[in-house]
1. Can you tell me which aspartates and glutamates have their Cα less than 14 Å from the Cα of K62? Leave out same-chain residues fewer than eight positions away.
2. List S12, S135 from most exposed to least, where exposure is judged by having the fewest other Cβ atoms within 10 Å.
3. For n ≥ 4 DSSP H runs only, could you compute -39500 (n - 2.57) per run for the chain, divide by its residues and tell me the 222 nm figure to the nearest 500?
4. Once both axes come from the Cα atoms, what is the angle between helix 138-150 and the longest principal axis of the chain, in degrees from 0 to 90, rounded to 10?
5. Treating cross-link reach as a plain straight distance, find the aspartates and glutamates whose alpha-carbon is under 14 Å from the alpha-carbon of K16, omitting any fewer than eight places away in the same chain.
6. Once the cut-off is 20 Å, how many percent of the Cα-Cα pairs in the chain end up in the long-distance tail?
7. How long is the gain from T124 to S170 if the chain were fully straight, where each residue apart is worth 0.36 nm and the alpha carbon distance is subtracted?
8. Between F151 and K42, what is the spin-label point distance in nm, taking each point 7 Å from the Cα along the Cα→C-beta axis?
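Read the figures in this text as sums done on the coordinates, not as results from a lab. Keep in mind the model is a prediction, meaning the values are calculated, not measured. As a convention, Cβ positions derive from the backbone with ideal geometry for all residues, glycine included, and neighbour counts pool all protein chains shown.
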Amino acid sequence: MSRMGNKPIALSAKVKLEINGQSLKISGPKGEHSFTMPEGVKAEVKDNVLHITRANDERTTKMAHGMVRSIVNSMIVGVETGFKKELEFFGVGYRAQLAGKTLTMNLGYSNPVVYTVPDGVNVTMPDQTHITLESHDKQKVGEVAAILRRFRFPDAYHGKGVRFVGEQLSLKEGKKV
């Protein structure tokens, strides 16, 4: 039995949900999503609560049950409140500039790193060493944050690099003379 798949999802007044067979269309104040559920999994709304059910107990249907519930829940949270990731730069001279959708980062390389932010993700910079990513799509926010972090992972010895805000690093001890 899928424990995650059996959890009901509460729908607020801000979120509109349309079910057409195996396809869902979710819209809210932050944006809209559409999703096609795999065969054997269906959705139904009772008293402003969404229930995801499965048709049989086959292994693949059981696996899809919990996955569909998690994806749909993330979509509902995204269109209602949105998702946010915050990154910060640690290191001497590490900074970024934002011009429209183009992010130019100085990360200790000989040339600056230029990255174009995809549509659907809003980028703000309160200062030169902090970046805030916001979107209604959880997957897009996480992917952009991972790409930006990949340009300069935090160093295990000095702690320099691109980190998530509040991330704790345990620094390794250097060589002893």
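1. Cross-link targets: E39.
2. S12, S135
3. -6500 deg cm²/dmol
4. Helix 138-150 and the main axis of the chain meet at about 20 degrees.
5. Once the sequence-local aspartates and glutamates are set aside, what remains near K16 is E32, E44, D47, E80.
6. Summing the P(r) tail past 20 Å for the chain gives 62 percent.
7. My answer for the length gained is 13.7 nm.
8. 4.9 nm
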